[in-house]
């Protein structure tokens, strides 16, 4: 009999929904803290300072020099090949510099004192607008020492989103990076409350001068100057209470202005308590996490603070320096750090998978055959829990792959969006088990986690011990709590990690949270007999096709995106049609390889994306992916349009979190979509 990871609680006679389920680890009481002495994130750092003062807490690298390389590139101009020289910049990085917990505490305290001297008071707010780095986290914890709330904004949010968040929060002080000073300059004149800027890094003199000339009333200091200000003007900490706001996290919505999610210290600490209860037994002494995802995203923010509690060392990297290919005269961040733990979003895992396959495909036919045979055999063993046999395949084939991440990686967690089963299965066999987590900013990223001992494809795990979950009927889409063999419905979450609502936005708050504090996620899930759940649809992205069958656009995108030729994809479905179509952002290297294999001579990528032979080959590859994933006939693509230019947040087609802006994409490609259905 299958062991169940959840227990049912609450009323037994319920209509239109399942009974409430909790983790067996928190059957009687939901977790609200990992330890009785910890009530806030301020307490989290102080706890580790007391328990492990001399352990390395935070590591970072410095740029030693910038290496410029001149390369000849071929462009197609007027149908003719033109060669031109371009200069590429690469970084030579230092090794990792380390701060112990005691060191980190000193830096954090100096930042807190500096913020007070700089004019901020307890309960004030500071915008944190910058890339993920050690200083981002230290600045945040410095604010917490003085009960100052951070207002987070992605470094890719764009001027309009940044300005909205700053004006709504009535920001007087903002922290940013040197290379974002120009963005601050462009919005400062429209933010009347902004008075002071703290920036990190080496700024161009011209950028500093331009900012001061455009806004002479702004006071501008470096982070190092802020720290010294704190050293010279010490004040006692003003610790926050659990009910105080830790952060207002602006989510990059796919429509309208970003919403500020209110998260208290108590919310974050409850989430840490839930994760700790569930995962602490898998954490080893000496574990190291590679920190590189946006800290303005709740997943990374929570994970890094959990690591501070556990004593897991944080080593910071950047997308530009992660791999050996992006640096010179040194190793990339992954090889240099040799992490044991890693988090990522599906786009990261897709890139890694496609990179491994590209290397394999450069080998001889025999090498390719051996790799895929070993991959299938190891996956077969893993499916049947025959772990004793998997080491053979690692020794013969996969240890070389594992060395690309330093050779010590034990687990990786995927979150932010669904990962395709094909990619999850591939990387779990070739590299490391890819676990899944599920949650929202509004739940501190927590609802469910798939733990190693119940690993299964297509599942996001069982409820985290700080939450309780129920599924509510969605009659219009045909999902009911009475469905057989598994109950299905919209996921509703409740618990101490759930937000109090949206900042200055009572309408959205009341639409998302019920009177008895249930968070309506908009995601459709099903319960499995073992107490794990699968996310099977997204309520607002369900489309009813002409024959009455519903399809889930996000689910299909997660499947089709694993196709080798796809860098990104947006699936579109017309309710008057019987099948969906897709706009595919094509992968230039893969398309050029495909053209060569088809005997097509041109290297003009834009032209290749319009070539009927290439388009058909990409569609066929997508349909093969769909077949392997077991998609239904109604979910198979009728056609694809290949786009040669990448979608970006700057182009307005992606959010700052790199999610699709579906409405804008559909509008941008309206003629192409009509042609696909013609």
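Scoring residue 385 on the criteria (1) surrounded by fewer than 19 Cβ atoms within 10 Å (Cβ to Cβ); (2) in contact (Cβ under 8 Å) with a residue 60 or more places away in the chain; (3) outside any helix (DSSP H, G or I) leaves a single failure, condition (2).
Testing residue 6 on (1) under 30 Å from the mean Cα position of the chain (by Cα); (2) assigned by TED's automatic domain parsing to the domain that holds residue 284, one condition comes back false. Which one is that? With respect to (1) under 30 Å from the mean Cα position of the chain (by Cα); (2) assigned by TED's automatic domain parsing to the domain that holds residue 284, residue 6 is out only on (2). Restrict the check to segment 35-42 and report whether at least one residue is closer than 30 Å to residue 475 by Cβ and within 30 Å of the chain's Cα centre (by Cα). No, there is no match, as no residue in segment 35-42 is closer than 30 Å to residue 475 by Cβ and within 30 Å of the chain's Cα centre (by Cα). Among strands (runs of 3 or more DSSP E) entirely within segment 563-678, having at least 1 residues that are over 30 Å from residue 361 (Cβ atoms) singles out 566-572. Residues in segment 1-26 that are surrounded by 15 or more Cβ atoms within 10 Å (Cβ to Cβ), part of a loop (DSSP other than H, G, I, E, B) and modelled with pLDDT of 95 or more: 5, 18, 19.
Test residue 351 against the criterion of being within 23 Å of the chain's Cα centre (by Cα), assigned to a helix (DSSP H, G or I) and over 23 Å from residue 558 (Cβ atoms), and give yes or no. Against the criterion (within 23 Å of the chain's Cα centre (by Cα), assigned to a helix (DSSP H, G or I) and over 23 Å from residue 558 (Cβ atoms)), residue 351 does not qualify.
For segment 135-166, which residues satisfy the criterion of being part of a helix (DSSP H, G or I) and out of contact with any helix residue (DSSP H, G or I) (no Cβ under 9 Å at 6 or more places or on another chain)? Talk me through it step by step, then tell me what you get.
From segment 135-166, those part of a helix (DSSP H, G or I) are 135-144, 159-166; that's our starting set.
Residues satisfying the conditions are 136, 161, 164, 165.
Scanning segment 461-473 for residues that are surrounded by 20 or more Cβ atoms within 10 Å (Cβ to Cβ) and at positive phi turns up at least one hit.
Scanning segment 229-247 for residues that are part of a strand (DSSP E or B) and either crowded, with 24+ Cβ neighbours inside 10 Å or at pLDDT below 95 (or both) yields 246, 247. Checking the conditions here, which among 268, 289, 279 is on the phi < 0 side of the Ramachandran plot, crowded, with 16+ Cβ neighbours inside 10 Å and outside any helix (DSSP H, G or I)? Going through 268, 289, 279 in turn, just one is on the phi < 0 side of the Ramachandran plot, crowded, with 16+ Cβ neighbours inside 10 Å and outside any helix (DSSP H, G or I): 289.
Scanning segment 203-222 for residues that are in a loop (DSSP other than H, G, I, E, B) and either surrounded by 12 or more Cβ atoms within 10 Å (Cβ to Cβ) or not assigned by TED's automatic domain parsing to the domain that holds residue 119 (or both) turns up 203, 204, 215, 218. Taken over segment 154-212, residues that are under 18 Å from residue 226 (Cα atoms), touching a residue at least 60 places away in the same chain (Cβ under 8 Å) and in contact with a strand residue (DSSP E or B) (Cβ under 6 Å, 6 or more places away or on another chain) amount to 3.
Given the structure, is residue 132 in the same structural domain as residue 227 (by TED's automatic domain parsing), assigned to a loop (DSSP other than H, G, I, E, B), touching a helix residue (DSSP H, G or I) at 6+ places or on another chain (Cβ under 8 Å) and closer than 21 Å to residue 58 by Cα? Give the steps one after another, and end with the answer.
Values: in the same structural domain as residue 227 (by TED's automatic domain parsing): yes; assigned to a loop (DSSP other than H, G, I, E, B): yes; touching a helix residue (DSSP H, G or I) at 6+ places or on another chain (Cβ under 8 Å): yes; closer than 21 Å to residue 58 by Cα: yes.
Yes.
Do we find that residue 357 is surrounded by 14 or more Cβ atoms within 10 Å (Cβ to Cβ) and either in contact with a strand residue (DSSP E or B) (Cβ under 9 Å, 6 or more places away or on another chain) or on the phi > 0 side of the Ramachandran plot (or both) in this structure?
Numbers: surrounded by 14 or more Cβ atoms within 10 Å (Cβ to Cβ): yes; either in contact with a strand residue (DSSP E or B) (Cβ under 9 Å, 6 or more places away or on another chain) or on the phi > 0 side of the Ramachandran plot (or both): no.
Against the criterion (surrounded by 14 or more Cβ atoms within 10 Å (Cβ to Cβ) and either in contact with a strand residue (DSSP E or B) (Cβ under 9 Å, 6 or more places away or on another chain) or on the phi > 0 side of the Ramachandran plot (or both)), residue 357 does not qualify.
Among the criteria (1) touching a residue at least 12 places away in the same chain (Cβ under 8 Å); (2) surrounded by fewer than 18 Cβ atoms within 10 Å (Cβ to Cβ), the one residue 620 does not fulfil is (1).
The values are calculated or read from the model by the stated rules, or taken from the named source; none is laboratory data. The structure displayed is predicted, hence computed values, not measured ones. Reconstructed Cβ throughout: ideal geometry from the backbone, glycine too, with neighbour counts over all protein chains shown.
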